[in-house]
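Structure record follows, encoded as structure tokens.
The values are calculated or read from the model by the stated rules, or taken from the named source; none is laboratory data. Remember, it's a predicted structure, so these values are computed and weren't measured experimentally. So basically every Cβ, Gly included, is an ideal-geometry build from the backbone, and we count neighbours across all protein chains shown.
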Amino acid sequence: MFKWKRRLLLLLVVLPLYTACSASWLKFTGQVRDSDWRTASREPAGLAPDPAITPEAVVQVYAARAVRWRGYFGVHTWIAVKPAGAAQYTVHEVNGHRLRRNGSALVTSQRAADGYWFGNRPELLGELRGPAAVAVIERIEAAVAAYPYSGTYRIWPGPNSNTFTAFVLRDAPELRVDLPPTAIGKDYLGISPVGKLPSGTGGQLSVLGIAGIAAGVEEGLEINVLGMTFGVDPKSFALKLPFIGRLGPGG
């Protein structure tokens with residue numbers, strides 16, 4: 001019993017210290033900006049090909065730190081598609097604020113595919129172009145329409161924006177996207193405890209996104225504890241940590 005008390009005490013000391021250090025690092029490196037969301041930049045980051053000179057089909061997946069204090073804990077993810085010959089991108093994402101206003105958290109718009117997320121620069125997680133993207137776009141659109149949690153949104157443990165992106169990516173394994181460890185909600189599988197990984201290269205066990213384990217070629221090995229992801233990616237020699245994200249050559 002005494003050993004368990006010591007471990008609990010150690011956890012109560014280490015976790016707040018780790019959280020504070022992570023927040024300081026994210027602030028210092030500029031990954032999180034405490035901008036006023038009403039005036040924060042939504043401008044393109046220059047990561048998406050210009051539709052005016054890119055006739056081929058394009059699929060891209062992005063992540064950016066969430067708005068305000070949420071950005072210290074996790075990211076917001078979205079999927080952008082452009083069919084062949086289209087003059088603009090269509091962005092699919094989930095937004096909790098829209099649920100309160102419109103009764104659905106699912107948002108489909110023509111905003112900039114690579115736009116800053118309220119001042120936070122996006123990261124391109126994966127893409128397909130040309131003929132390989134055509135069939136994938138059709139499956140993505142079908143998966144978006146079939147998303148079962150559009151009327152529900154929870155920051156933790158899900159379903160949220162990352163639950164949505166993971167759900168859609170399971171029908172687009174060609175992208176082989178490894179969602180960041182900071183994509184809280186990506187492991188939420190609803191009542192089913194077993195599922196495919198978003199990359200399509202492995203599988204996972206998860207209890208309502210609160211606890212679980214995952215293993216795949218792209219993801220490596222991940223352990224989910226209270227929505228926090230700890231893991232190792234041998235493919236890119238990277239560690240996966242809560243709040244900070246990936247550390248290493250592949251980070």
Hydrophobic (A, V, I, L, M, F, W, C), touching a Phe, Trp or Tyr at 6+ places or on another chain (Cβ under 6 Å) and not in a loop (DSSP other than H, G, I, E, B) - does that describe any residue in region 223-245? yes
Filter region 113-126 for residues that are outside any loop (DSSP other than H, G, I, E, B) and farther than 16 Å from Gln88 by Cα; which is modelled with the lowest pLDDT? Asn120
Are any residues in region 49-63 over 18 Å from the mean Cα position of the chain (by Cα) and in contact (Cβ under 8 Å) with a residue 24 or more places away in the chain, and if so, which ones? Pro49, Pro51, Ala52, Thr54, Pro55, Glu56, Ala57, Val58
Please enumerate the residues belonging to region 76-99 that are of a type in the set (S, T, N, Q) and either at pLDDT below 90 or part of a strand (DSSP E or B) (or both). Thr77, Thr90
Note on Gly151: of the conditions (1) closer than 18 Å to Ala48 by Cβ; (2) surrounded by fewer than 18 Cβ atoms within 10 Å (Cβ to Cβ), unmet is (1)
So which residues in region 165-189 are on the phi < 0 side of the Ramachandran plot, in a loop (DSSP other than H, G, I, E, B) and not β-branched (Val, Ile, Thr)? Arg170, Asp171, Ala172, Asp178, Leu179, Pro180, Pro181, Ala183, Lys186, Asp187, Tyr188, Leu189
Does any residue of region 100-107 turn out to be out of contact with any Ser or Thr (no Cβ under 7 Å at 6 or more places or on another chain), of a type in the set (S, T, N, Q) and part of a helix (DSSP H, G or I)? yes
Return the total of residues in region 233-247 being under 15 Å from Glu218 (Cα atoms) and either at pLDDT below 85 or surrounded by fewer than 19 Cβ atoms within 10 Å (Cβ to Cβ) (or both). 6
Looking at region 193-251 only, could you name the residues that are more than 29 Å from Trp69 (Cα to Cα) and β-branched (Val, Ile, Thr)? Val194, Thr201, Val217
Note on Ser192: of the conditions (1) modelled with pLDDT of 95 or more; (2) part of a loop (DSSP other than H, G, I, E, B), unmet is (1)
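The rows are residues; the columns are (1) surrounded by fewer than 23 Cβ atoms within 10 Å (Cβ to Cβ); (2) in contact (Cβ under 8 Å) with a residue 24 or more places away in the chain.
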{"residue": "Leu47", "(1), (2)": "yes, yes"}
{"residue": "Arg65", "(1), (2)": "no, yes"}
{"residue": "Gly71", "(1), (2)": "no, yes"}
{"residue": "Val94", "(1), (2)": "no, yes"}
{"residue": "Arg101", "(1), (2)": "yes, no"}
{"residue": "Glu123", "(1), (2)": "yes, yes"}
Going through (1) under 21 Å from Asp178 (Cα atoms); (2) in contact with a Pro (Cβ under 9 Å, 6 or more places away or on another chain); (3) modelled with pLDDT of 95 or more one by one, Phe73 fails only at (3)
Of all the residues that make up region 89-109, how many are farther than 18 Å from Val136 by Cβ and in contact with a helix residue (DSSP H, G or I) (Cβ under 9 Å, 6 or more places away or on another chain)? 7
Does Gly115 satisfy the condition of being surrounded by fewer than 16 Cβ atoms within 10 Å (Cβ to Cβ), among the small types (Gly, Ala, Ser) and more than 29 Å from Asn224 (Cα to Cα)? no
